[in-house]
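Novice: Here you go, one structure.
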Amino acid sequence: MQFDLATQSLREINAALHHSDREEGEEFVIAHPKGTHSVAVGLSDAINVTIDGHVGYYCAGMNKNASIHIAGNAGPGLAENMMSGRVVVDGNASQYAGASGHGGLLVIKGNTSSRCGISMKGINIVVGGSIGHFGAFMAQSGRLVVCGDCGGNLGDSIYEAHIFVRGEIDSLGSDCIEKEMTPDHKRELQNLLQNAGIHYSAAEFRRYGSERTLYNFNIDNADAI
């Protein structure tokens, strides 16, 4: 089914995508998004949605089960609070992509800005390019994979999420350290790269995670908080 934001309202299109009679695997295309905010938000059915162009804020937010393909760039808050499903962006994404995501797979083939994966709670994020500062800030669980470089304060105040980086890192945040890349971690990463359609070897990446010194308050660590 074809929708067109040049002639239809966003409310009309989002309501149609939420309709209760949608069949699993049903295909939808949204034309002329032209940077519209909140496109394809809160989808709960296992449908396939292609957005043919650039989108604004909060595209694919709260996604559950749907597979959403953005053939362009995305604004801030992409796939925020995503629960499951798959979101793929052909271009770049702005700030806090995948914020507070609980599950599913978010793939950004280009670059993304600051706070990618902030407070992630189980989502898997794969970035084909580079990310800005404070990536995976307070990340609780899930995986952030960066095939390019990272800005400063990566993994600041991280909990149990896994970070894999292929490029250079400006600086690590509080309580984030480099960790051993075991054979199990290499298999974990290789499967994730394969699912994301990214053709790098896990052997090219380094792993980062929590040193666990901030789990309980210690006055000696006050300067690091």
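Rule-based calculations on the coordinates, nothing more; no lab input. Model, not experiment: these values are computed from the prediction. So basically every Cβ, Gly included, is an ideal-geometry build from the backbone, and we count neighbours across all protein chains shown.
Novice: Helix 183-196 sits at what angle to the longest principal axis of the chain, using alpha carbons and giving 0 to 90 degrees rounded to 10?
Specialist: On a 0 to 90 degree scale, this one is about 20.
Novice: Using modelled amide H (1.01 Å from N, peptide plane; none on Pro or chain starts), what sits under 5 Å from the amide H of G142, excluding residues fewer than 5 places away?
Specialist: Residues meeting the amide H criterion: G122, H162.
Novice: A further question follows. Rounded to whole Hz and in sequence order, give me ³J(HN,Hα) for the range 21-34 from the Karplus expression 6.51 cos²θ - 1.76 cosθ + 1.60, θ = phi - 60°, writing x for Gly and Pro.
Specialist: Whole-Hz 3J(HN,Hα) from phi for the range 21-34: 9, 5, 8, 4, x, 4, 9, 9, 10, 10, 9, 6, x, 6.
Novice: Cross-link partners among lysines for K64, C-alpha distance below 17 Å, same-chain residues fewer than 8 apart left out?
Specialist: Within reach: K121.
Novice: Another one. Give, as a single signed number, the net charge of other residues whose beta carbon lies under 15 Å from the beta carbon of H162, with Lys and Arg counted +1 and Asp and Glu -1.
Specialist: Around H162, the charge tally is +2.
Novice: Moving on. Of all DSSP beta bridges in the range 2-224, what percent run antiparallel (nearest 5)?
Specialist: Antiparallel bridges: around 15 percent, rounded to the nearest 5.
Novice: Right, another one. Going highest first, how would you order 175-182, 63-70, 101-108 by mean Cβ packing within 10 Å?
Specialist: Per-residue Cβ counts within 10 Å, averaged per peptide and sorted highest first, yield 101-108, 63-70, 175-182.
Novice: Please list, in chain and number order, the residues 5+ apart from I70 or on another chain whose amide H is under 5 Å from its amide H, with Hs placed from the backbone.
Specialist: Amide H neighbours of I70: I51, V88, V89, D90.
Novice: In the chain, once you exclude exposed chymotrypsin sites (Phe, Trp or Tyr not before Pro) (DSSP loop, at most 12 other Cβ within 10 angstrom), what's the longest stretch remaining?
Specialist: That would be 1-214.
Novice: Assuming R0 = 41 Å, what is the FRET efficiency of S171 and Q194, from their Cβ-Cβ distance, to the nearest 0.05?
Specialist: Efficiency, rounded to the nearest 0.05: 0.85.
Novice: From Cα coordinates alone, what are the radius of gyration and Dmax values for the chain in angstrom?
Specialist: When restricted to Cα atoms, the chain yields Rg and Dmax of 17.8, 61 Å.
Novice: Ok, one more. Please check which bits of the range 39-72 a label hung off S20 would reach, taking the label as a point 7 Å along Cα-to-C-beta and the cut-off as backbone N under 20 Å.
Specialist: Answer for the range 39-72: 42-47, 64-66.
Novice: Quick one: among D184, D45, D90, which has the greatest mean-square fluctuation in a GNM of the chain with alpha-carbon springs under 10 angstrom?
Specialist: D184
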